[in-house]
Amino acid sequence: MNRRIVNYFEGLTVICVEGKKIERFLSYLYKLKIEILDVQYIDRHKVIIKVYHCDSDKVLNMKTTYDIKIIGYEGKVKLWLGLKKHVLLLVSIIIGYIFLLYLSNVIFEVEVIHSNAKIRNLIIDELNEKNISKWKFKKSYEGIEKIKKEILNKYKDRLEWIEIENVGTKYIVKVVERKIKEKEENYLYQDIVSTKSAIIMKVEAVEGEIVRRKNDYVKKGDVLISGRIMKGNEVSKIVKASGKIYGEVWYNIKVEHPLFYQSKVLTGEKKRVYQIQFLNFNIPLFDFSPYKEKVVENTNVISNPLIPFKIVKQLQKEAIVEDEIYTDGEALIKAEEQAVKKMEDSLDEEEYIISRRKLKYYIENQKLYLEMFFKVYESIGEAREIMEITE
């Protein structure tokens, strides 16, 4: 083994010796079988020697007229003494690092963005059940994707899509409510008005007077088919207007896709294990043959939301990990497919995407973020009751 490596692990003591006939002192050390690893002569009466740390006490305890004193250490002894000297600093650094690790992995705020308070409360309740709330630990990308799918599946009739974005110590949740065709109101007299800003592409009137034509730009609430039938400048009669109006509508959709993704395929093997969890560290108890990869379901045995420590009972299912690594171009294609699917899922049978284009994309934290613009052929008409009737 390399001498320097041996010296490091053995540890060396650097000793200064002063006195007359210094060679006689060194000879005496050899007789005592004390190995001198290095000798540096300062002058005729002074020398600095290096010996193994285990021999330093023998040198210091020698009964002699020479002045002997330790002036330094090398190897593991120097390291250990340095650690002891700066133990408070080291403990502070370790505690600080653990605290910083805790802070960077804890959720301090969850914000749900939606104009409807009922939808916001619904999402907050669901996230709380899935441990996405204040003072809880952040989820992995796979965990977030799983939660999004579970929420959408549970409320498929109410929610169109949901996005959970991690910004620092905050989760920002964006939700789009599913368009539900309300039961047709049985108005006696009505207009057909626009539900949103659009350019009219097709008008089919069954009853009533068409007041906006193909290629007209309309805003939300504009009358498209009027229930007031005009004769000159006067209303000749009022009817229940009906028909179909389709327009070109515009949407911006934002999506994200990881550059590296792991999927887990279950093998069918499973077992129950108890585990201590502290911050991001997991310590299994009596698990002598751990699965290399697994999917787990946790049940808390001991926990407190204010303390980053708990004991859980886990149902572990063995899995095989399949890695998917995407180039920037491949991730861009996947993100575009995801945006198109999100748009298509919101459309009805006769509605479709007219055109689409990428507005911008960028890569950050091993994810590709994409914003796309869509032109959509979409139904834009709804009934609005005519309230003021003059006989």
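Is it the case that some residue within segment 310-328 is closer than 30 Å to K219 by Cα, more than 22 Å from the chain's Cα centre (by Cα), surrounded by 16 or more Cβ atoms within 10 Å (Cβ to Cβ) and acidic (D, E)? Talk me through it step by step, then tell me what you get.
Initially, segment 310-328 is screened for residues closer than 30 Å to K219 by Cα, giving none.
The answer is no, given that none of the residues of segment 310-328 is closer than 30 Å to K219 by Cα, more than 22 Å from the chain's Cα centre (by Cα), surrounded by 16 or more Cβ atoms within 10 Å (Cβ to Cβ) and acidic (D, E).
Residues checked against (1) under 30 Å from K310 (Cβ atoms); (2) touching a helix residue (DSSP H, G or I) at 6+ places or on another chain (Cβ under 8 Å):
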| position | (1), (2) |
| --- | --- |
| I71 | no, no |
| E74 | no, yes |
| S92 | yes, no |
| I95 | yes, no |
| I98 | yes, no |
| I107 | yes, no |
| Y141 | yes, no |
State yes or no: is P258 over 30 Å from G381 (Cβ atoms) and either surrounded by 14 or more Cβ atoms within 10 Å (Cβ to Cβ) or charged (D, E, K, R) (or both)? yes
Suppose the filter is surrounded by fewer than 13 Cβ atoms within 10 Å (Cβ to Cβ), outside any strand (DSSP E or B) and modelled with pLDDT of 85 or more; does K237 pass it? no
Surrounded by 15 or more Cβ atoms within 10 Å (Cβ to Cβ) and either among the small types (G, A, S) or not in a strand (DSSP E or B) (or both), is that true of L26? yes
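The values are calculated or read from the model by the stated rules, or taken from the named source; none is laboratory data. Keep in mind that this is a model prediction, so the values were computed, not measured. Cβ coordinates were reconstructed from backbone atoms using ideal geometry, including for glycine residues, and neighbour counts include every protein chain displayed.
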